[in-house]
Amino acid sequence: SQQGEEDPQALSIQEGENATMNCSYKTSINNLQWYRQNSGRGLVHLILIRSNEREKHSGRLRVTLDTSKKSSSLLITASRAADTASYFCATFVAGGTSYGKLTFGQGTILTVHP
Amino acid sequence: DTEVTQTPKHLVMGMTNKKSLKCEQHMGHRAMYWYKQKAKKPPELMFVYSYEKLSINESVPSRFSPECPNSSLLNLHLHALQPEDSALYLCASSPGIQGTEAFFGQGTRLTVV
């Protein structure tokens, strides 16, 4: 079963606008990561936020994490047409005797119009 | 070298064929993964190898058989697949420490006919 649920499922904006995507999850996690996927190929890691962190920035990206609500958001500021892609949150839960699991949410398809 | 290389990029196989997918990384990562992704869906975890040992098998059918011959190489052996197994198969790796970012290959697009 999928750990993360994202909304919206699809987001269409104009270049220069901000894009916000939300992710909710069900169980306690060690960290939450955001990935980007272009045209159904490989995923690229964007940012990782640990369970004891509340906010993190990387360039035009801002991620927040609310462990009490089991939710996270990804904000992309000043979007560009090149940001058009699918964005996935992924939760990491460490294993006991086994390695941990990185489980992906349903994803948000972002379209940025020039 | 920060790449995970997957071969082949595309594969068409019949239901009676045996084929293998290959994944290679030279970043010294000690965890390697196989994910399956259907169109418009998120990647689904299949297997995790940690230090060349199978750590997680997400109840994957036995027609999928993973192998980790060494710390740089991960294979997925395919046998007697079904058309519903057609998907993008993604390999990823991460450092041995749990919870770090994963580096993904470009995937193998598999079609079972």
Inset, instruction - Among what's in the range A:37-56 and is over 25 Å from A:T67 (Cα atoms) and more than 15 Å from the chain's Cα centre (by Cα), pick the residue that is farthest from the other protein chains (Cβ to nearest Cβ). - result: A:S39
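Restricting to the range A:91-110, give me the number of residues that are hydrophobic (A, V, I, L, M, F, W, C) and touching a Cys at 6+ places or on another chain (Cβ under 9 Å). Full working, then the answer.
Step one: filter the range A:91-110 for residues hydrophobic (A, V, I, L, M, F, W, C), giving A:92-94, A:102, A:104, A:109-110.
Then drop every residue that is not touching a Cys at 6+ places or on another chain (Cβ under 9 Å), which leaves A:104.
Number satisfying all stated conditions: 1.
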Legend entry - Test result for B:K41, in contact with a Ser or Thr (Cβ under 7 Å, 6 or more places away or on another chain), within 14 Å of chain A (Cβ to nearest Cβ) and surrounded by fewer than 17 Cβ atoms within 10 Å (Cβ to Cβ): no
Inset, instruction - Among the residues of the range A:66-90, write down those that are in contact with a strand residue (DSSP E or B) (Cβ under 8 Å, 6 or more places away or on another chain) and either touching a residue at least 60 places away in the same chain (Cβ under 8 Å) or within 14 Å of chain B (Cβ to nearest Cβ) (or both). - result: A:S79, A:R80, A:A81, A:D83, A:A85, A:S86, A:Y87, A:F88, A:C89, A:A90
Inset, instruction - Looking only at the range B:95-102, decide whether some residue is within 22 Å of A:L46 (Cβ to Cβ) and away from chain A (no Cβ under 12 Å). - result: no
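Among the residues of the range B:27-37, which ones are assigned to a loop (DSSP other than H, G, I, E, B) and within 10 Å of chain A (Cβ to nearest Cβ)?
The initial filter retains those residues of the range B:27-37 that are assigned to a loop (DSSP other than H, G, I, E, B), namely B:27-30.
Correct list: B:R30 only.
Quick one: in the range A:91-114, which of the residues that are within 8 Å of chain B (Cβ to nearest Cβ) and assigned to a strand (DSSP E or B) is nearest to A:E53 (Cα to Cα)? Please lay out each step first, then the result.
Applying the first criterion (within 8 Å of chain B (Cβ to nearest Cβ)) to the range A:91-114 yields A:92, A:94-95, A:98-107.
Within this subset, residues satisfying the condition of being assigned to a strand (DSSP E or B) are A:92, A:101-104.
Numbers: A:F92: 14, A:K101: 20, A:L102: 18, A:T103: 19, A:F104: 20 Å.
If we take residues in the range A:91-114 being within 8 Å of chain B (Cβ to nearest Cβ) and assigned to a strand (DSSP E or B), then A:F92 is nearest to A:E53 (Cα to Cα).
Pull up the range B:44-91, narrow it to residues that are of a type in the set (V, I, T) and within 12 Å of chain A (Cβ to nearest Cβ), then point me to the one that is nearest to B:L11 (Cα to Cα).
B:V48
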Legend entry - Residue, nearest to the other protein chains (Cβ to nearest Cβ), within the range B:10-26, restricted to residues that are loosely packed, with under 14 Cβ neighbours inside 10 Å and of a type in the set (A, V, I, L, M): B:V12
Legend entry - In the range A:20-35, the residues that are in contact with a strand residue (DSSP E or B) (Cβ under 6 Å, 6 or more places away or on another chain) and surrounded by fewer than 20 Cβ atoms within 10 Å (Cβ to Cβ): A:T20, A:N22, A:S24, A:N30
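Values quoted throughout were computed directly from the atomic coordinates according to the rules given, and no laboratory measurement underlies them. As the structure is a prediction and not an experimental result, all values here were calculated from the model. No Cβ is skipped: glycine too gets one built from the backbone with ideal geometry, and neighbour counts run over all protein chains shown.
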